[in-house]
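Trainee: Please find one structure pasted underneath; my questions will follow.
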Ligand SMILES: *Cc1c(COP(=O)(O)O)cnc(C)c1O
């Protein structure tokens, strides 16, 4: 079989002082999400009129930047988040990287940044994973979290699209996500704050959305909740999403309801994958505007029996309670397997190669050791 070398377009400059086996084992033992980084990073540079160059896999290092770099002042940046999974036979796989490549390109267009081609995006990931494959953990639920990033590095305080841009990908081993037991997390429904406006950047994976969500997130914590749920900014009436996860509701009849992608909601790959799997099962999946009042009433009347959040980092997070100034509504305790649990199992079974992959979502990056020809 003829396969392209994984680092074909990204030149590998090895880290001459990688972590020792012992340092790596300690770092990977129980990593806090996003706090541990591997030995390398991928990077490339873009300059107006010249395009992309310097595609490299290099030792992980700080990115020297002029203090006038546009990203530091005007947040001209976009990012992505996806995971590499080690299968039982030792092989390493990505989940739907084309979807993340397409979303990064869409985000880049909105933020007037240059697009990274799908080929470059995947070559960067493959090159980085190949270089740091001993950082991909193998125990159940663990993975290598990949964080592609596009930043405007041009030193300029003029408010205009930067002419110098860097593409960087870092990798972090992450542990098995632990949900908050069977009860699920408590969610604070933000009243004073909104995440996104029509015509703004709510459907773009960009730093500013996250910066603006930190105070409401703090407010949630102050009310004993783990996450915030935002309402639409126009009418303060429809539920949209959490700070970094999409929302799904399950009815007593087994049908599923989720906010439609209005332009103020981030189109999650996990959301799309779960909706696809639910439709595969023959469930009715409705994507439409959902009033908070409808949701609360549905929960109280027993019509809505489950709520969960979904995203790459935590996969599926069951929600146990919705709280705000005027209400505190608990979801019922469920008998038997919840849809959230079933979706977590079904999705991770595909990601870890324990189940068939009917939609061709998995892409092998590193072969199983015994099948290598060298
Ligand atoms: C990244 C993100 C999600 C989840 O997207 P996935 O592709 O499933 O990881 C949801 N909401 C927001 C605001 C996000 O930034």
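The values are calculated or read from the model by the stated rules, or taken from the named source; none is laboratory data. All figures in this text were calculated on a predicted structure; none of them were measured in a lab. Positions of Cβ are generated from backbone atoms using ideal geometry, with glycine treated the same way; all protein chains shown enter the neighbour counts.
Trainee: I'd like to verify a number: residues in the range 136-150 that are in contact with a strand residue (DSSP E or B) (Cβ under 7 Å, 6 or more places away or on another chain) and either closer than 26 Å to residue 345 by Cβ or surrounded by fewer than 24 Cβ atoms within 10 Å (Cβ to Cβ) (or both), how many?
Mentor: Number satisfying all stated conditions: 10.
Trainee: When you scan the range 256-264, do you find a residue that is part of a loop (DSSP other than H, G, I, E, B), crowded, with 21+ Cβ neighbours inside 10 Å and within 14 Å of the ligand (Cβ to nearest atom), even just one?
Mentor: Taking every residue of the range 256-264 in turn, at least one turns out to be part of a loop (DSSP other than H, G, I, E, B), crowded, with 21+ Cβ neighbours inside 10 Å and within 14 Å of the ligand (Cβ to nearest atom).
Trainee: Among (1) in contact with a strand residue (DSSP E or B) (Cβ under 9 Å, 6 or more places away or on another chain); (2) within 16 Å of the ligand (Cβ to nearest atom); (3) free of Cβ contacts under 8 Å to residues at least 60 places away in the same chain, there is one condition residue 104 misses while meeting the rest; what is its number?
Mentor: Here residue 104 meets the rest and fails (3).
Trainee: For the range 230-255, name all the residues that are closer than 18 Å to residue 340 by Cα and either free of Cβ contacts under 8 Å to residues at least 24 places away in the same chain or more than 11 Å from the ligand (Cβ to nearest atom) (or both).
Mentor: Matches in the range 230-255: 248, 249, 250, 251, 252, 253, 254, 255.
Trainee: Would you say residue 42 is loosely packed, with under 12 Cβ neighbours inside 10 Å, modelled with pLDDT of 95 or more and closer than 21 Å to residue 147 by Cβ?
Mentor: no
Trainee: Another question, if that's okay. With (1) touching a helix residue (DSSP H, G or I) at 6+ places or on another chain (Cβ under 6 Å); (2) within 16 Å of the ligand (Cβ to nearest atom); (3) more than 28 Å from residue 16 (Cα to Cα) as the list, and residue 110 as the residue in question, which single condition is left unmet?
Mentor: Against the list (1) touching a helix residue (DSSP H, G or I) at 6+ places or on another chain (Cβ under 6 Å); (2) within 16 Å of the ligand (Cβ to nearest atom); (3) more than 28 Å from residue 16 (Cα to Cα), residue 110 comes up short only on (1).
Trainee: Counting only residues that are buried (at least 17 other Cβ atoms within 10 Å of the Cβ), within 13 Å of the ligand (Cβ to nearest atom) and outside any strand (DSSP E or B), how many does the range 83-100 have?
Mentor: Matching residues across the range 83-100 total 4.
Trainee: Which of (1) modelled with pLDDT under 95; (2) under 30 Å from residue 146 (Cβ atoms) does residue 268 not meet, given it meets every other one?
Mentor: (1)
Trainee: Just a yes or no: is a residue in the range 120-128 modelled with pLDDT of 95 or more and within 15 Å of the ligand (Cβ to nearest atom)?
Mentor: Yes, because at least one residue in the range 120-128 is modelled with pLDDT of 95 or more and within 15 Å of the ligand (Cβ to nearest atom).
Trainee: Restricting to the range 265-286, name every residue that is closer than 24 Å to residue 198 by Cβ and either more than 16 Å from the ligand (Cβ to nearest atom) or exposed (fewer than 13 other Cβ atoms within 10 Å of the Cβ) (or both).
Mentor: Hit for the range 265-286 is 286, nothing else.
Trainee: Any residue in the range 350-362 that is over 21 Å from residue 88 (Cβ atoms), within 25 Å of the chain's Cα centre (by Cα) and crowded, with 21+ Cβ neighbours inside 10 Å?
Mentor: Looking for residues that are over 21 Å from residue 88 (Cβ atoms), within 25 Å of the chain's Cα centre (by Cα) and crowded, with 21+ Cβ neighbours inside 10 Å, one finds none in the range 350-362, hence no.
So that you can scan it fast, the table gives a plain yes or no per residue for (1) in contact (Cβ under 8 Å) with a residue 12 or more places away in the chain; (2) in a loop (DSSP other than H, G, I, E, B); (3) touching a strand residue (DSSP E or B) at 6+ places or on another chain (Cβ under 7 Å):
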position	(1), (2), (3)
332	yes, yes, yes
345	no, no, no
348	yes, no, yes
357	no, yes, no
360	no, yes, no
370	yes, no, no
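Trainee: Where the second residue is away from the ligand (no atom under 11 Å from the Cβ) and assigned to a loop (DSSP other than H, G, I, E, B) and the first is in contact (Cβ under 8 Å) with a residue 60 or more places away in the chain and lies in the range 204-226, which pairs have Cβ atoms under 8 Å and are six or more apart or on separate chains?
Mentor: From the range 204-226, the pairs are 204/111; 206/75; 206/111; 207/75; 208/75; 211/75.
Trainee: Any residue that is more than 16 Å from the ligand (Cβ to nearest atom), part of a loop (DSSP other than H, G, I, E, B) and free of Cβ contacts under 8 Å to residues at least 40 places away in the same chain - is there at least one of those in the range 288-307?
Mentor: There is at least one residue in the range 288-307 that is more than 16 Å from the ligand (Cβ to nearest atom), part of a loop (DSSP other than H, G, I, E, B) and free of Cβ contacts under 8 Å to residues at least 40 places away in the same chain.
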